[in-house]
Each structure stands twice: as C-alpha cells, then as structure tokens.
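A.B. asks: I have a structure here, written as structure tokens, and I will follow up with some questions on it.
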Amino acid sequence: MTTERIYLFKGFERFWHWAQAALIIFMLISGFEVHGSYELLGYRRAAQLHSNAAWALIGLWIFAIFWHLTTGEWRQYIPTTEKVLAVARFYSSGIFKGEAHPYETTAQRKHNPLQRLTYLAILVLVSPLIWITGWLYLFHAEWAAWGLGGLKLEWVAWGHTIGAFLMLAFLISHVYLITTGHTIGAQLKAMVTGWEDAH
C-alpha cells in the first residue's frame with residue numbers, strides 16, 4: 001500500500017496549538033486551586049499565576065488571529081454540516097467495527113465537519129463565558145463604576161467554573177480523539193512534526 005505524506009500543520013500552527021494547550025491546562029490546574037479544590041501554590045500565588053497565564057493566552061490569541069487572517073487558514077474553521085452525520089456515526093459505532101473514516105483530510109480541509117462545529121461552539125459559547133467572567137473577576141473593584149453594582153460575585157464565580165468544566169470536557173474529548181487515527185499516535189505525531197501519512 002502506498003502512503004502519501006501531507007504537510008498539514010505549519011510551524012506557527014503547531015507552536016500556537018501546543019502553547020495554547022499548555023496555558024489552558026495550567027489555567028485549569030491553578031483555577032481549581034483558586035476555588036479551593038486542593039492546595040499546592042497557595043491561593044494568592046495561584047491566582048497571580050492564573051492571571052499571568054490568561055494575559056499570555058490573550059497575547060498568543062492576538063498573534064494567532066493575525067496569522068489565521070493573513071494566511072487564509074481561518075477558512076479551515078468555517079462550519080459545515082456536510083458529512084457531519086457520517087462522521088458522528090463513525091465515531092459512535094463505525095470506528096469500533098474497523099470502518100474507514102468517511103472524511104478525507106487534505107491540507108485545504110484539515111478539520112472534519114464535527115471538529116468544525118465543536119470549534120464553533122468553543123468560540124461562541126465556552127470562550128466568551130470564560131473570558132467575560134474572568135474579566136469581571138479581574139476587575140471586580142470596578143463593577144460599581146461600570147454600572148454593574150448589582151452583579152453578584154457568586155454568579156460570576158459559577159459562570160467561570162462552568163466554563164472551566166466545559167473546557168476540561170473539551171480537552172478530555174480532544175485527547176481521546178487524537179488516538180483515533182489510523183494508528184494510535186498518528187495524529188499526535190502530525191501535530192508534532194506537521195506531517196500526516198494519508199492512506
């Protein structure tokens with residue numbers, strides 16, 4: 001069988017992906033300490049590092065948005081329902097029967113329709129929930145000046161925590177799905193080297 005190699009993920013794309021993953025994981029860990037789930041760094045230190053990581057992630061996203069706009073890679077995230085049912089059926093049953101993936105990955109179409117819809121949900125639901133509540137947390141002392149005096153800190157805390165658990169659920173499912181390539185480490189290898197073997 002002939003194996004064709006496709007260069008899927010460019011250098012900045014891989015740096016952005018792994019740096020974002022590291023910052024999000026650190027923010028999850030430090031955030032749960034801030035909420036009192038465990039104690040390692042202490043509340044004050046954990047909260048400070050959590051804020052620093054958030055600012056670093058904002059900076060990274062600014063570069064990533066610029067890169068996506070200038071390279072045209074933003075088109076990879078345009079949502080589509082084409083073959084979405086076939087892909088959902090594959091992950092729910094076909095994968096356990098050894099069926100072939102119904103979606104062909106190319107350099108111009110890196111993400112299958114289920115991935116695109118998931119990333120859309122992250123962008124329009126989870127991320128705004130996390131960032132808006134995090135911003136309110138950070139500038140709690142300014143609420144009255146902003147006309148938000150009636151807002152309760154516990155509401156913001158609940159919203160931020162729910163957003164964190166949704167991001168954690170996405171992270172767990174993302175880690176599982178990278179093991180579902182033609183070999184268990186094929187997709188991880190592609191995200192490290194940029195190259196994927198197409199069969």
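A.B. asks: Quick check: anything in the range 125-136 closer than 30 Å to Lys83 by Cβ and open to solvent by 60 Å² or more (accessible area, probe 1.4 Å)?
C.D. replies: yes
A.B. asks: Please specify each residue of the range 143-199 satisfying the condition of being small (Gly, Ala, Ser), within 20 Å of Gly31 (Cα to Cα) and touching a Leu at 6+ places or on another chain (Cβ under 9 Å).
C.D. replies: Gly159, Gly163, Ala164
A.B. asks: Just the residues that are in a loop (DSSP other than H, G, I, E, B), aliphatic (A, V, I, L, M) and either in contact with a Cys (Cβ under 6 Å, 6 or more places away or on another chain) or touching a residue at least 12 places away in the same chain (Cβ under 8 Å) (or both), please, taken from the range 80-130.
C.D. replies: Hit for the range 80-130 is Ala107, nothing else.
A.B. asks: When residues of the range 1-40 are filtered for being in a loop (DSSP other than H, G, I, E, B), among the polar types (S, T, N, Q) and under 18 Å from His160 (Cβ atoms), how many remain? Full working, then the answer.
C.D. replies: Of all residues in the range 1-40, those in a loop (DSSP other than H, G, I, E, B) come to 1-3, 8-10, 35-40.
The next check asks that each one be among the polar types (S, T, N, Q); those that pass are 2-3, 37.
Next, only the ones that are under 18 Å from His160 (Cβ atoms) stay: 37.
Summing the residues that are in a loop (DSSP other than H, G, I, E, B), among the polar types (S, T, N, Q) and under 18 Å from His160 (Cβ atoms) in the range 1-40 gives 1.
A.B. asks: Another question, if that's okay. I'm checking my understanding of the structure. Among residues of the range 89-124 that are surrounded by 13 or more Cβ atoms within 10 Å (Cβ to Cβ) and hydroxyl-bearing (Ser, Thr, Tyr), which one is farthest from the chain's Cα centre (by Cα)?
C.D. replies: Here the residue is Tyr103.
A.B. asks: Anything in the range 1-53 that is of a type in the set (D, E, K, R) and touching a residue at least 40 places away in the same chain (Cβ under 8 Å)? List them, or say none.
C.D. replies: Residues of the range 1-53 of a type in the set (D, E, K, R): 4-5, 10, 13-14, 33, 39, 44-45.
Answer for the range 1-53, where residues must be of a type in the set (D, E, K, R) and touching a residue at least 40 places away in the same chain (Cβ under 8 Å): Glu4, Arg5, Lys10, Glu13, Arg14.
A.B. asks: Just one of (1) closer than 23 Å to Ile130 by Cβ; (2) at pLDDT 95 or above; (3) surrounded by 13 or more Cβ atoms within 10 Å (Cβ to Cβ) trips up Phe32, so point out which.
C.D. replies: Checking Phe32 against (1) closer than 23 Å to Ile130 by Cβ; (2) at pLDDT 95 or above; (3) surrounded by 13 or more Cβ atoms within 10 Å (Cβ to Cβ), the one that fails is (2).
A.B. asks: To continue, here is another question. Do the conditions hold for Phe63, that is, is it within 17 Å of the chain's Cα centre (by Cα) and within 23 Å of Leu188 (Cα to Cα)?
C.D. replies: On the way: within 17 Å of the chain's Cα centre (by Cα): yes; within 23 Å of Leu188 (Cα to Cα): no.
Criteria not met by Phe63.
A.B. asks: Restricting to the range 142-177, what's the tally of residues that are open to solvent by 50 Å² or more (accessible area, probe 1.4 Å), within 20 Å of His35 (Cβ to Cβ) and not in a loop (DSSP other than H, G, I, E, B)?
C.D. replies: Counting residues in the range 142-177 that are open to solvent by 50 Å² or more (accessible area, probe 1.4 Å), within 20 Å of His35 (Cβ to Cβ) and not in a loop (DSSP other than H, G, I, E, B) gives 10.
The values are calculated or read from the model by the stated rules, or taken from the named source; none is laboratory data. Remember, it's a predicted structure, so these values are computed and weren't measured experimentally. Positions of Cβ are backbone-derived with ideal geometry, glycine not excepted, and every protein chain shown enters the neighbour counts. SASA here: full protein model, heavy atoms, side chains in, ligands and nucleic acids out. Shrake-Rupley method; radii C 1.70, N 1.55, O 1.52, S 1.80 Å.
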